[in-house]
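Report on the following structure.
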Amino acid sequence: MSKVYARPVAASRPVAGGVPHPARIGSAERTVGANHPITLLQANSLPTLVQRELERMILAGDLAAGEQLREAEVAAMLGVSRGPVREAFRALEESGLVRLEKNRGVYVRQISVGEADEIYEMRAVLDEFVGRRLAETATPADLRDLRQRVAQMEAATACNDVDAYLAANVGFHDRMVELTGNAKLLLVYRRLVNELHLYRRMTLAQGGTLPASTREHREILKLIADHQPAAAGRALHEHVMASRTRMHRASTSIPAVDPAFADAPARIEMKRKLRP
């Protein structure tokens, strides 16, 4: 994330809904895009932006499980002071993506296969509830939304794009939980999903997994659309447990993290991990 320096210009005046009037600079009218750094800073706090970038890097695998995150290095990489980085670390710990060890530092969270088993079992119970609830309450608009997300999974499957499939898959399940209207459930669910991020990607990378997973999602959505609560809940429970079975098949391919690595000086330049 680069710093932005700007000379004072005629600022856009906010209007109802937070949409600015275009500012006139010179002879042309200009507006600032939604992804412009200034717009992002207006809509989000700096610690939140730091948190989102680190979260993106962790979930994409750019920051490996067990890797140490050094406050000064992250601050330099993102062009911010250390305060926002410190706040971002605390938020990432609450979301289950990093662990803070007293007098040692911050590390990307790594969980054992046994812990992953327990998380899958919890997810199966929660997802069964979600399936039952949505089969009773989903509106036509909700179903259109979910169908679009399944279509994204189908497109990713067609070109064997694991990263695109993972994003669509996570989005599909997250949206289903959102649609229950249960904020506490959503909070717990997101933490569980974050803790499983390493295993989920490794699981989906197995040959034949994407078509099988896509088929399961289509069946789940059909049962929800047909208003069959018991069947939809059961299908989601079985889907999660099938994912756990696939995780076990993939777990032998997940490399162990050398304990010395976490305490060693950073061996790579973190700046190269940032998107252009």
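About its Cα centre, the dipole of segment 113-251 is roughly 100 debye, where the only charges are +1 on Lys and Arg Cβ and -1 on Asp and Glu Cβ.
Of the trypsin sites (Lys or Arg not before Pro) in segment 84-176, the ones in a loop by DSSP (not H, G, I, E or B) with at most 12 other beta carbons within 10 Å are K102, R104.
What does the extension gain come out to for S112 and Q148, with contour length at 0.36 nm per residue minus their alpha carbon separation?
Values: separation 36, 0.36 × 36 = 12.96 nm, distance 3.39 nm.
Here the segment from S112 to Q148 would lengthen by 9.6 nm.
Label zone of E87 (point 7 Å out along Cα→Cβ, amide N under 20 Å): in segment 103-128 this covers 106. Shown is the FRET efficiency for A158 and L186, computed with R0 = 41 Å from the Cβ-Cβ distance and rounded to the nearest 0.05: 0.85. Would you mind calculating the relative contact order of segment 113-251 from Cα pairs under 8 angstrom and at least 6 residues apart, reporting the percent as a whole number? Across segment 113-251, relative contact order equals 45 percent.
The GluC sites (Glu not before Pro) of segment 83-152 include none that meets both criteria, a DSSP state outside H, G, I, E and B (loop) and at most 12 other C-beta atoms within 10 angstrom of the site's C-beta. On the basis of the beta-carbon distance and an R0 of 45 Å, E71 and D226 show a calculated FRET efficiency of 0.30. Relative to the Cα centre, the charge distribution of segment 175-242, modelled as +1 at Lys and Arg Cβ and -1 at Asp and Glu Cβ, gives a dipole magnitude of about 180 debye.
Taken together, the values in this text are just the output of simple stated rules run on the coordinates, not laboratory data. Being a predicted model, the structure only gives us computed values, none of them experimental. Because the Cβ atoms are built from the backbone with ideal geometry, glycine has one as well, and the counts that use them run over all protein chains shown.
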